[in-house]
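The values are calculated or read from the model by the stated rules, or taken from the named source; none is laboratory data. Bear in mind that the values here come from a model prediction, so they are computed numbers and not experimental data. Cβ placement follows ideal geometry from the backbone for every residue including glycine, while neighbour counts extend to all protein chains displayed. SASA here: full protein model, heavy atoms, side chains in, ligands and nucleic acids out. Shrake-Rupley method; radii C 1.70, N 1.55, O 1.52, S 1.80 Å.
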Amino acid sequence: MKIYFLSSRPCALTLNGAYFGVTDGFERFAEISLKDNLFVRFAPENALPVSFFLTENIRFDPPEGCDVYLLKGAIALYAHGFQPTDFSLRAVAQKRENGCVATVFQQGAVQLSLQSELGFFVATLPPSFSSCEITFESGLVLLRAPDSLAVFTKKGERLLCENVLSHETENGVLKARLLLSDSRFRFADCTYALSENACTRTGFSLVQTRTQNGETDERKLRDELLPYAFFESVLIGADHADFLAPELQLKARDIVSFLGDFVAVTPTADPCVCALIRKKKERLFEADYYSVELRDGKIADVKG
């Protein structure tokens, strides 16, 4: 079986003690039999490793510190729960506004503390926020790291946390560019409406600089992006009918019911096929694959 290995930070990956390579946010894979009961170890710098036996049980009971994605003929392992080794206290950033004091500090994990008339709250942050700045926007707390962005309420509720290429805020609107797939040269330009207790994605547009073969034909690029854009529109509750051919537009609501609930969309090697990610239990996800038929720049059929 094909096993994909990913991690939230660069790690040395070993299988039964043999060095396999370095893992990060882009998938690397190996053909492995789950019956071999290999011992997997993700070892990051300056943190404790995530280790577990890779057995048939991985399909039902994900190990601590690791998300498991059940794919078609494959399994993806995403290690992220790394415990720190250095517990010395270090201040990262602090800002106050209208009686609210926001502080980012590192003591083992990177953490955000918020103190206001609403109370005192602490939230754990990804390691990428070990260097960041704090701003207040529309009653929310924004943490800006070199390649990451997080949005919190003043009660410490995390509304958004993404790896971003760029971002800006203006008049209560957040715009951020997210990397979707480095191998397919795709980006997502997302827009979020900010309010005191909400960061709601209101739209997105997909950007692809060229096709996988290096071509720049605009029509082909548009067709490659259209299926992903359609499924993303369904996910966020945006108007998706415009993606559909006239004969399907009257069935737009039925198509939403047909797709069911899902938490994310993942592109595949075939632009007309996308994986819809469904949550089975904590840290365990499953991908269902849907294909579309394109006709004259519109979706003429959706198949599961």
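Amide H to amide H, with H built 1.01 Å from N, Leu15 comes under 5 Å of Phe20, counting only residues 5 or more places away or on other chains. Look at the Cα gyration tensor of the range 99-146: its axes a ≥ b ≥ c give a/c of at least 1.5 with a/b at or below b/c, and that counts as oblate. Cα-based values for the range 237-304, radius of gyration first and Dmax second, are 12.9, 41 Å. Within the chain, DSSP assigns beta bridges of which about 90% are antiparallel (rounded to the nearest 5). Couplings 3J(HN,Hα) of the range 52-68, computed from phi: 6, 8, 8, 10, 4, 5, 4, 6, 10, 9, x, x, 4, x, 9, 8, 10 Hz, in residue order, whole Hz [Karplus 6.51 cos²θ - 1.76 cosθ + 1.60, θ = phi - 60°; x for Gly and Pro].
Note that the range 264-280 has calculated 3J(HN,Hα) couplings of 6, 10, 10, x, 10, 5, 9, x, 8, 10, 10, 9, 9, 8, 10, 8, 8 Hz, one per residue in order, obtained from phi through the Karplus relation 6.51 cos²θ - 1.76 cosθ + 1.60 (θ = phi - 60°); glycine and proline are x. Taking all protein chains in place and a 1.4 Å probe, what share, in percent, of the accessible surface of the chain do carbon and sulfur account for? Heavy-atom surface of the chain belonging to carbon and sulfur, 1.4 Å probe: 48 percent.
Qualifying chymotrypsin sites (Phe, Trp or Tyr not before Pro) in the range 1-86, where qualification requires a DSSP coil assignment and no more than 13 other C-beta atoms within 10 Å, comprise Phe26, Phe60. Taking the convex hull of the alpha carbon positions in the range 76-122 and averaging its projected area over all directions gives 4.8 nm².
Calculate, in whole percent, how much of the Cα-Cα pair population of the chain lies beyond 36 Å. In whole percent, the share of Cα-Cα pairs in the chain beyond 36 Å is 25. Shape class of the range 1-71 from the alpha-carbon gyration tensor: rounded, with the ratio a/c of largest to smallest axis under 1.5.
Beyond 17 Å, how much of the Cα-Cα pair distribution for the range 230-276 remains, as a whole percent? Of all Cα-Cα distances in the range 230-276, 34 percent exceed 17 Å.
The convex hull defined by the C-alpha atoms of the range 19-145 has an orientation-averaged projected area of 10.3 nm².
State which entries of Lys154/Lys280; Lys2/Lys279; Lys251/Lys279; Lys281/Lys303 exceed 24 angstrom in Cα-Cα distance in the structure shown.
Violating the 24 Å Cα-Cα cut-off are Lys154/Lys280; Lys251/Lys279; Lys281/Lys303.
Taking all protein chains into account, the per residue accessible area for the chain stands at 52 Å² (1.4 Å probe).
The HN-Hα couplings worked out from phi for the range 189-204 by the Karplus form 6.51 cos²θ - 1.76 cosθ + 1.60 (θ = phi - 60°) are 9, 10, 10, 10, 8, 9, 9, 4, 10, 8, 9, 9, 6, 9, x, 7 Hz, whole numbers, x standing for Gly and Pro.
Based only on the alpha carbon positions, what is the Kirkwood hydrodynamic radius of the range 121-169, in angstrom? One decimal place: 10.9 Å for the Kirkwood radius. Each peptide among 226-232, 244-250, 124-130 gets the average number of other Cβ atoms lying within 10 Å of its residues, and from highest to lowest they stand as 226-232, 124-130, 244-250. Its relative contact order, with pairs defined as Cα atoms under 8 Å and 6+ residues apart, puts the chain at 10 percent.
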